[in-house]
Amino acid sequence: MSYPIVILGSGRGSNAEALLQSELNKKLGLAKIAALISDREDADILSLGQKYKVPAIYIDAGCESDHLTNTAEQVYIERISSFSPKLIVLAGFMRIINSPLIDAFKGRVINLHPSLLPSFPGIDSIQEAFEYGVKITGCTVHWVTPELDAGPIINQKEVHIDESDTLELLTRKIHVAEHQLLPEVVSHLSNVN
């Protein structure tokens, strides 16, 4: 039985690539990546489509703000629905999605966040944790709800901050943890649902 997933991202796509590589290595359970979708036409995540032979689609967000417009959100819902996904993964998707999209895929949207939620929600989490001086941070995969970064936590991975860590080094350490955690969570969800 197939477990199609759609990945939404706005940037480099390193977490999407971690999922694609895990699928290639048969480490993603029943999950099969059906499509990559980005709100940025020049996002590197879209180049992964050709590399991994997966549809890669740009969909205009409809504005310059951090939210999708209502019209754009409807386009996202229709396009995502066309892949009949069991799971939608927000992996570096830098737009806040609204209730219509969350409701359209109720209980099927997860987000990867670069902190140990509920600490440091929102943007710049890695920098905030670093500047605050915490000794442990990490990453979280959680269910998406209308409240930003507040949905039920699925799993987390800790990253220790060493005295010698710079912000750049900490960012790299968190990316490594994300590339482990997200495939683990997707594989687990595909096998239990």
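Here is how the numbers come out for the structure above:
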item	result
Looking only at the stretch 29-39, and only at residues there that are assigned to a loop (DSSP other than H, G, I, E, B) and over 15 Å from the mean Cα position of the chain (by Cα), the one that is farthest from Ser187 (Cα to Cα)	Leu30
Whichever residue in the stretch 164-193 is at pLDDT 95 or above and either assigned to a loop (DSSP other than H, G, I, E, B) or among the charged types (D, E, K, R) (or both) and, among such residues, is farthest from Pro85 (Cα to Cα)	Ser164
Among the candidates Ser22, Ser47, residue that is of a type in the set (Gly, Ala, Ser), in a helix (DSSP H, G or I), more than 17 Å from Arg95 (Cβ to Cβ) and in contact with a helix residue (DSSP H, G or I) (Cβ under 8 Å, 6 or more places away or on another chain)	Ser22
Residue that is under 19 Å from Glu158 (Cα atoms) and at pLDDT below 95, where the choices are Ile110, Ile136, Ile123	Ile123
Enumeration of residues in the stretch 126-155 that are assigned to a loop (DSSP other than H, G, I, E, B), under 24 Å from Ala16 (Cα atoms) and of a type in the set (Gly, Ala, Ser)	Ala150, Gly151
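The values are calculated or read from the model by the stated rules, or taken from the named source; none is laboratory data. Bear in mind that the values here come from a model prediction, so they are computed numbers and not experimental data. Heads up, the Cβs are rebuilt from the backbone with ideal geometry, glycines too, and the neighbour counts pull from every protein chain shown.
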